[in-house]
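As structure tokens, the structure follows; a few thoughts come after it.
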Amino acid sequence: MSRRTAPVAPAAAPAGVPAPSLWRHPEARHAVTLPGGEVAYALRRSQRRSIGLVVDAQGLRVAAPRAATLAQVEQVLQAKAAWILRHLAAQQERALRRQEAQPVWGPQAPLPCLGRTLRLQAQAPAWRLDGELLHVPLPDEAPPAQWAAALRGWLQTRALEVFKERCALYAPRMGVRPARLALSAAATRWGSASAAGVIRLNWRLVHLAPALIDYVVVHELAHLREMNHSAAFWAHVRAVLPDFEQRRAALRAAVLPALE
């Protein structure tokens with residue numbers, strides 16, 4: 001954003017959004033007072049041409065051109081105040097839901113897997129899935145951290161199996177051939193596709209229903225046709241999944257347990 005813009009009046013706080021006293025990104029070096037609270041944000045500069053805003057689980061991140069002044073950045077933040085506060089509130093609500101849904105890992109704990117809720121059973125000689133019961137080769141008294149590590153390994157193995165199966169199903173329909181499929185553990189991305197044809201899918205998707213996994217698979221395969229989010233890209237997605245918008249909305253609302 002290289003040119004100065006006219007001042008923009010602060011936006012009114014959106015109805016129904018809780019007013020935070022302070023929102024702070026862990027990398028924050030700057031703060032702005034918006035209608036409803038002070039927001040401390042991370043600011044990163046690069047050779048971009050406009051000011052971009054991202055709200056995720058960490059808070060507000062601002063990407064700005066090197067030539068943009070802090071006054072220009074704040075003008076954009078004031079103009080987008082309602083959007084920022086609404087998305088920060090939604091992230092806070094998701095964090096609270098995630099905290100409430102977080103089990104203590106051990107016998108009988110609920111484990112979401114492929115849209116089902118499995119119950120954990122200890123003292124098994126080997127991993128075995130019997131209906132909704134997952135037999136785990138750990139003693140009852142194993143600490144939660146040991147359970148979490150074991151479950152993470154089992155889920156990642158299952159995830160790779162499922163992702164390979166779904167890619168093999170959809171790639172021919174979309175006229176693409178991925179060079180390689182790999183797992184990702186990215187904090188804020190469900191998947192990615194490279195120009196070299198490498199598809200990476202977040203292993204945590206294995207917690208979700210197959211319909212949501214399919215949306216991410218098709219999304220990333222479509223990037224092998226269009227490395228952007230243009231109308232042509234979405235046309236490729238829609239041709240395979242006409243209801244992709246509903247799936248995308250459900251994916252955005254998903255709350256997953258932590259296995260770290």
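Rule-based calculations on the coordinates, nothing more; no lab input. Just so it is clear, the model here is predicted, and its values are computed rather than measured. Every residue, glycine among them, receives a Cβ derived from its backbone with ideal geometry; neighbour counts consider all protein chains shown.
Seen through its C-alpha gyration tensor, with square-root eigenvalues sorted a ≥ b ≥ c, region 62-207 comes out oblate because a/c lies at 1.5 or above while a/b is not bigger than b/c. The helix-based estimate of mean residue ellipticity at 222 nm for the chain, built from -39,500 (n - 2.57) per DSSP H run of four or more residues and divided by its residue count, is -12000 deg cm²/dmol to the nearest 500.
Treating each Cα of region 22-101 as an identical point scatterer and summing with the Debye formula, the log10 of I(q)/I(0) at q = 0.22, 0.25 Å⁻¹ comes to -0.99, -1.22. Placing unit charges on the Cβ atoms of the charged side chains and taking the dipole of region 48-163 about its Cα centre, the candidate lying farthest along the positive direction among GLN121, ALA159, HIS87 is HIS87.
Does a label point 7 Å from the Cα of ALA253, set along Cα-to-beta-carbon, have any residues of region 94-128 with amide nitrogen under 14 Å, and which are they? Output list for this probe position: 94.
In this simple spin-label approximation, GLU27 and ALA95 carry label points 7 Å from Cα along the Cα→Cβ vector, and these lie 1.7 nm apart. Principal-axis analysis of the Cα atoms of the chain puts helix 81-101 at an angle of about 20° to the longest axis. Residues of region 203-224 with an amide N closer than 19 Å to a point placed 7 Å from the Cα of ASP243 along the Cα-to-Cβ direction: 208-219.
For the chain, the residue among MET227, ALA253, GLN108 whose Cα projects farthest onto the positive side of the dipole built from Cβ charges is MET227. Assuming charge only on the beta carbon of Lys and Arg (+1) and of Asp and Glu (-1), the dipole of the chain about its Cα centre is about 1100 debye to the nearest 20.
How much FRET efficiency would the formula 1/(1 + (r/R0)^6) give for LEU183 and ALA67, where r is the Cβ-Cβ distance and R0 is 35 Å, rounded to 0.05? Calculated value: 0.30. Over the chain, the Kirkwood radius and the radius of gyration, each from Cα atoms, give a ratio Rg/Rh of 1.03.
The per residue volume of the convex hull around the alpha-carbon atoms of region 133-253 is 120 Å³. The long axis of helix 70-79 is offset from the longest Cα principal axis of the chain by roughly 70 degrees.
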